[in-house]
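Inspection log for the structure reproduced underneath, given as structure tokens.
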Amino acid sequence: MKWWQRLLRPTPPGFVLFLLCLMYLITYVDRVNIATAASDIRRELSLTATQYGLFFSVFGYPYLAFQVFGGWVGDRFGPRRTLFTCGLVWAGATILTGLAGGMASLLFMRVLLGVGEGATFPVATRAMQSWTAASRRGFAQGITHAFARGGIVATPPLVAWLMALVTWRGSFVVLGCLGVLWVAAWVWYFRDVPAEHKSMTPELLATLPNNGRPLHAQRPQVPWGPLVRRMMPVTAVYFCYGWTLWLYLSWLPSFFQNEFGFNTRESAFFSAAVYFPGVIGNVLGGEISDRILHKTGDLKRARRNLAMMAFLASFVCMLPIFLTTNITVITLALGAAFFFAEMIIGPMWSIPMDIAGKFAGTASGLMNSGSALAAILSPLAFGMVADATGNWVLPFAGSLGLLLLGAALAPLMHPERPFEDTRREPIPAGVGAATVPR
């Protein structure tokens, strides 16, 4: 089958991956739309940068709380029902944000959004663990997160356009309705067990872990202590990445407005220009990780070493923003730093699947707790520094330190050591002698 035929008639695993890509895109649009609408919301509610930083960060509290719990729910009850419920919550919160009457209700809806989105990525990883061949895990994680970053790219101009048509409140209602449509498509098409999907064939099932069937008839009981200890270094490294991510997501449009005097549309354009390289970085990071694994069979090289090099490259690329006031140089530097930071995603999100197998949802929730904690601290720290100093470049210094720390901590991760040595899934022919856990 030619590539264009695969696009027109995707296989069930391909369509499941497409649905997950759409989910990643929509959830990121719904979480970063307040960055583009910041000026209008701050003006309407008379908020300082520190207060709006709190509005950004309050999302992170439930987002953090529901990482591990949501991943556990996905492992225990399946991604189909879990993502259906999560989708209704996050879509409803987005719609209700546009109907909020004041600061208190806006904060409540932001918390509700964090509840709905907290479990989504860990549970999506659990779905990918069943529906993706072991040798394509990096690509699957890279492409889904590329769609997430595509959502970041699209959000500034999209929200600016919607705000011009229906005000910032109407833009939230429209975007929330898109989430409702995704929920309907997901629950209609997806099945927790690939072998139970009516369109699956024996040839397709043979490419999936355990031939598309569950490893155990009973729901798995999570060995919390050992799993937490195994994932702690991964969580710490992902916190270092998440600090820069949430700084970009929360403050980049405001940075261009305050540092260069841009209006909403101008800042949206420059923000999108910075975000776009991240889309490419996500795809390349996952693809390069899989190719290294295919060529060498070495999970340390494919996951850990690639992430470490991306941390260092992002650090180097961010340095010029402290040395110049030229808007072109600063935009290019921020975009390049984001490109390499996003190359970290594919290998990092593959690690919970490499290590934990049937506990991949819980393990990825533990890992993403690092980013969720950064979602609380990074936006608030940026706003406090900007208010205290009046300098909108200085807060990026925190990213420099965390990028270096992430590179230093990366060697502590060991994706080559399966959490359950007794249950391993051989990598398909041509990958090498290494094995990947189920």
Subset of region 45-77, residues outside any helix (DSSP H, G or I), in contact with a helix residue (DSSP H, G or I) (Cβ under 9 Å, 6 or more places away or on another chain) and open to solvent by 10 Å² or more (accessible area, probe 1.4 Å), comes to Leu47, Thr48
Leading residue by the ranking (farthest from the chain's Cα centre (by Cα)) among those in region 1-23 that are open to solvent by less than 40 Å² (accessible area, probe 1.4 Å) and modelled with pLDDT under 90: Pro12
Give region 373-395 a look and list any residue that's without any contact (Cβ under 8 Å) to a residue 24 or more places away in the chain and either closer than 23 Å to Phe69 by Cα or out of contact with any Pro (no Cβ under 9 Å at 6 or more places or on another chain) (or both), or say none. Ala388, Gly390, Asn391, Leu394
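Residue by residue, here is whether (1) closer than 27 Å to Leu373 by Cβ; (2) open to solvent by less than 10 Å² (accessible area, probe 1.4 Å) holds:
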| residue | (1), (2) |
| --- | --- |
| Asn211 | no, no |
| Pro226 | yes, no |
| Pro233 | yes, no |
| Phe239 | yes, no |
| Leu245 | yes, yes |
| Ser250 | yes, yes |
| Phe255 | yes, yes |
| Pro277 | yes, no |
| Ile280 | no, no |
Of Ala154, Ala127, the only residue that is surrounded by 22 or more Cβ atoms within 10 Å (Cβ to Cβ) and in a helix (DSSP H, G or I) is Ala127
Those residues of region 82-95 which are in contact (Cβ under 8 Å) with a residue 24 or more places away in the chain and not aromatic (Phe, Trp, Tyr), in sequence order: Thr82, Leu83, Cys86, Gly87, Leu88, Val89, Ala91, Gly92, Ala93, Thr94, Ile95
Considering only residues of region 303-317 that are in contact with a Pro (Cβ under 9 Å, 6 or more places away or on another chain) and open to solvent by 40 Å² or more (accessible area, probe 1.4 Å), which is farthest from Arg136 (Cα to Cα)? Met308
Could you tell me which of the residues Pro395, Pro347, Pro320 is surrounded by 24 or more Cβ atoms within 10 Å (Cβ to Cβ) and either touching a Gly at 6+ places or on another chain (Cβ under 9 Å) or in a helix (DSSP H, G or I) (or both)? Pro347
For region 282-302, which residues satisfy the criterion of being open to solvent by 50 Å² or more (accessible area, probe 1.4 Å) and touching an Asp or Glu at 6+ places or on another chain (Cβ under 7 Å)? Lys300
Can you tell me which residue among Val180, Val174 is open to solvent by 60 Å² or more (accessible area, probe 1.4 Å), β-branched (Val, Ile, Thr), farther than 21 Å from Phe15 by Cβ and under 23 Å from the mean Cα position of the chain (by Cα)? Val174
Near pairs, Cβ below 8 angstrom, 6+ apart or cross-chain, from region 350-372 (under 13 Å from Met232 (Cβ atoms)) to any residue that is among the hydroxyl-bearing types (Ser, Thr, Tyr) and open to solvent by 10 Å² or more (accessible area, probe 1.4 Å): Leu366/Thr235; Met367/Thr235; Ser369/Thr235; Gly370/Thr235
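The values are calculated or read from the model by the stated rules, or taken from the named source; none is laboratory data. Since this is a predicted model, take the numbers as computed values, not measurements. No Cβ is skipped: glycine too gets one built from the backbone with ideal geometry, and neighbour counts run over all protein chains shown. Note: accessible area is taken over every heavy atom of the protein model, side chains too, but ligands, DNA and RNA are not part of it. Shrake-Rupley method; radii C 1.70, N 1.55, O 1.52, S 1.80 Å.
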